[in-house]
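> Supplied in structure tokens, the structure appears directly below.
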Amino acid sequence: MKLQLTYSFLKTDIDLIEKEIEAAIKSDSAVIQKASLNLLKAGGKRIRPVFVLLGAKFGDYHIQQVKNVAVALELIHMATLVHDDVIDDSELRRGKPTVKAEWDNRIAMYTGDYILATALQYMTKIDNILAHQVLSNSLVEVCIGEIEQIKDKYRFDQHLKDYLRRIKRKTALLIAISCQLGAISTNAEEKVHRTLFRFGYYVGMSYQIIDDILDFTGTEEQLGKPAGEDLRQGNITLPALFAMEDERIKKKIERVHEHTTKEEMSIIIQSIIDCGAIERSYEVSQKYLKKALETLDMLPNQRIKKTLAQLAKYIGKRKF
């Protein structure tokens, strides 16, 4: 089943949000306007706005109100991507040149800042102090996560807990608050929006682990960047952590640096695949997915629960 079919009943609202996002990134600065539009046109699954809409269905749903949260969360996600590409010195994203590659680091950072500021403007339309507290606290954690990721680059002696804490901040939090803020914006009950946060957290953890697996198992065409690029940039993900339990593989991985060739990376990737690290990583992802699905039992509204479950399963089992 295609992803979009699971939430086809939201199509009109999603189309509205897509147009709103495009309108949101308009700027008097021609450079920022073009850079932001390039990022938008690069595509994306718009998972976060979908989770906002579904979370909002547990309360008094009005799209003109909910769209502000959905647009804000997607813009925040876009801003983090621009900043990530500067930090990782990435030339490609989804097979297209990054903002920093098309222009430079300064333009990329200002573009990311502009998109983030625009997101916060949209959130000011939400008259709910809890929504702003949840968002601001989460953004602080995301920023801490970015700093920790920089500190952890090429640190080959890190532990599983370091990785899990990092992906919580990097990915899981934004998905968790997408679910939660959608519900908060429509005045859903507290136990509902807190449960949705936990659901989104578990889904987000599963999502990032699958992403990290695909970085080793996908082709350059599928990934839109060279396979193993995360490791080459010094980001130690779960498959690499598991693989480094084998001292022979660990010695290979510890020699990785930003100028490691594709041929050298190919040998290392094959070692990671052959040692069973991919299967073990997949098992961890599935444990988070199982927790996400179990969390849904605590929620009302069978139709939305079913859609959330389908989305979670797609995310936790996706190939690309």
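> Within the bounds of the range 265-288, is there any residue that is part of a loop (DSSP other than H, G, I, E, B), open to solvent by less than 30 Å² (accessible area, probe 1.4 Å) and within 30 Å of Q310 (Cβ to Cβ)?
Of all residues in the range 265-288, those part of a loop (DSSP other than H, G, I, E, B) come to 275-276.
Restricting the remaining residues to those that are open to solvent by less than 30 Å² (accessible area, probe 1.4 Å) gives 276.
Keeping just the survivors that are within 30 Å of Q310 (Cβ to Cβ) gives 276.
For the range 265-288, residues part of a loop (DSSP other than H, G, I, E, B), open to solvent by less than 30 Å² (accessible area, probe 1.4 Å) and within 30 Å of Q310 (Cβ to Cβ): present.
> Check P300 against each of (1) open to solvent by 10 Å² or more (accessible area, probe 1.4 Å); (2) at pLDDT 95 or above and name the one condition it does not meet.
Only one criterion in (1) open to solvent by 10 Å² or more (accessible area, probe 1.4 Å); (2) at pLDDT 95 or above is unmet by P300, namely (2).
> Is there a residue in the range 190-213 that is under 30 Å from C275 (Cα atoms), in contact with an Asp or Glu (Cβ under 7 Å, 6 or more places away or on another chain) and without any contact (Cβ under 8 Å) to a residue 40 or more places away in the chain?
no
Rundown of residues vs (1) touching a strand residue (DSSP E or B) at 6+ places or on another chain (Cβ under 9 Å); (2) at pLDDT 80 or above, yes/no style:
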position	(1), (2)
T12	no, yes
K19	no, yes
D28	no, no
G44	no, no
G55	no, yes
T80	no, yes
D85	yes, yes
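> Considering each of V31, V66 in turn, give the residue that is among the aliphatic types (A, V, I, L, M), surrounded by 24 or more Cβ atoms within 10 Å (Cβ to Cβ) and either closer than 19 Å to S178 by Cα or touching a residue at least 12 places away in the same chain (Cβ under 8 Å) (or both).
Numbers: V31 fails: surrounded by 24 or more Cβ atoms within 10 Å (Cβ to Cβ).
None of the others qualify; the one that does is V66.
Listed here are the residues, each with its yes/no results for (1) in contact with a strand residue (DSSP E or B) (Cβ under 6 Å, 6 or more places away or on another chain); (2) modelled with pLDDT of 95 or more; (3) open to solvent by 70 Å² or more (accessible area, probe 1.4 Å).
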position	(1), (2), (3)
I213	no, yes, no
E220	no, no, yes
A240	no, yes, no
E247	no, yes, yes
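> Does the range 192-206 include one or more residues that are open to solvent by less than 30 Å² (accessible area, probe 1.4 Å), in contact with a Phe, Trp or Tyr (Cβ under 7 Å, 6 or more places away or on another chain) and of a type in the set (G, A, S)?
yes
> Go through the range 112-129 and give me each residue that's more than 20 Å from the chain's Cα centre (by Cα) and open to solvent by 60 Å² or more (accessible area, probe 1.4 Å).
Result: Q121, T124, K125, D127, I129.
> Kindly indicate whether Q180 is more than 19 Å from G55 (Cβ to Cβ), at pLDDT 95 or above and crowded, with 22+ Cβ neighbours inside 10 Å.
On the way: more than 19 Å from G55 (Cβ to Cβ): no; at pLDDT 95 or above: yes; crowded, with 22+ Cβ neighbours inside 10 Å: yes.
So Q180 does not fit the description; no.
> Can you tell me which residue in the range 121-167 is nearest to L73 (Cα to Cα), limited to those that are acidic (D, E) and touching a residue at least 40 places away in the same chain (Cβ under 8 Å)? Walk me through how you get there before you give the answer.
Taking the range 121-167 and keeping what is acidic (D, E), we get 127, 141, 146, 148, 152, 157, 162.
Retained after the next criterion (residues that are touching a residue at least 40 places away in the same chain (Cβ under 8 Å)): 146, 152.
Working: E146: 17, D152: 26 Å.
Within the range 121-167, the match that is nearest to L73 (Cα to Cα) is E146.
> Can you tell me which residue within the range 133-159, out of those that are over 29 Å from L181 (Cα atoms) and part of a helix (DSSP H, G or I), is most open to solvent (accessible area, probe 1.4 Å)?
Going residue by residue through the range 133-159, those that are over 29 Å from L181 (Cα atoms) are 151-159.
Next, from what is left, pick out any that are part of a helix (DSSP H, G or I): 151-152.
Details: K151: 131, D152: 15 Å².
Ranking the candidates gives K151 first.
> Let me ask something additional. Being assigned to a helix (DSSP H, G or I), over 16 Å from Q33 (Cα atoms) and of a type in the set (A, V, I, L, M) is the requirement here; does L120 meet it?
Details: assigned to a helix (DSSP H, G or I): yes; over 16 Å from Q33 (Cα atoms): yes; of a type in the set (A, V, I, L, M): yes.
Yes: the conditions hold for L120.
> Still on this structure: When the residues of the range 222-231 are narrowed to those that are out of contact with any helix residue (DSSP H, G or I) (no Cβ under 6 Å at 6 or more places or on another chain) and outside any loop (DSSP other than H, G, I, E, B), which ends up most open to solvent (accessible area, probe 1.4 Å)?
Q222
> Also, I was wondering about something else. I'd like to know if the range 90-109 contains one or more residues that are among the small types (G, A, S), in contact with a Gly (Cβ under 8 Å, 6 or more places away or on another chain), modelled with pLDDT under 85 and at positive phi. Step through it out loud before you land on a result.
We begin by selecting, within the range 90-109, every residue among the small types (G, A, S); these are 90, 95, 101, 108.
Remaining after also requiring in contact with a Gly (Cβ under 8 Å, 6 or more places away or on another chain): 95.
Retained after the next criterion (residues that are modelled with pLDDT under 85): 95.
Filter again for at positive phi, leaving 95.
Looking for residues that are among the small types (G, A, S), in contact with a Gly (Cβ under 8 Å, 6 or more places away or on another chain), modelled with pLDDT under 85 and at positive phi, one finds at least one in the range 90-109, hence yes.
> Consider A108 carefully, then state whether it is open to solvent by less than 10 Å² (accessible area, probe 1.4 Å) and of a type outside the set (V, I, T). Give the derivation first.
Details: open to solvent by less than 10 Å² (accessible area, probe 1.4 Å): yes; of a type outside the set (V, I, T): yes.
Yes: the conditions hold for A108.
The values are calculated or read from the model by the stated rules, or taken from the named source; none is laboratory data. These numbers were taken from a predicted model, which means no experiment stands behind them. A quick note on method: Cβ atoms are made from the backbone with ideal geometry, for glycine too, and the neighbour counts reach across all protein chains shown. Quick note on the areas: whole protein, heavy atoms, side chains included, nothing else; ligands and nucleic acids left out. Shrake-Rupley method; radii C 1.70, N 1.55, O 1.52, S 1.80 Å.
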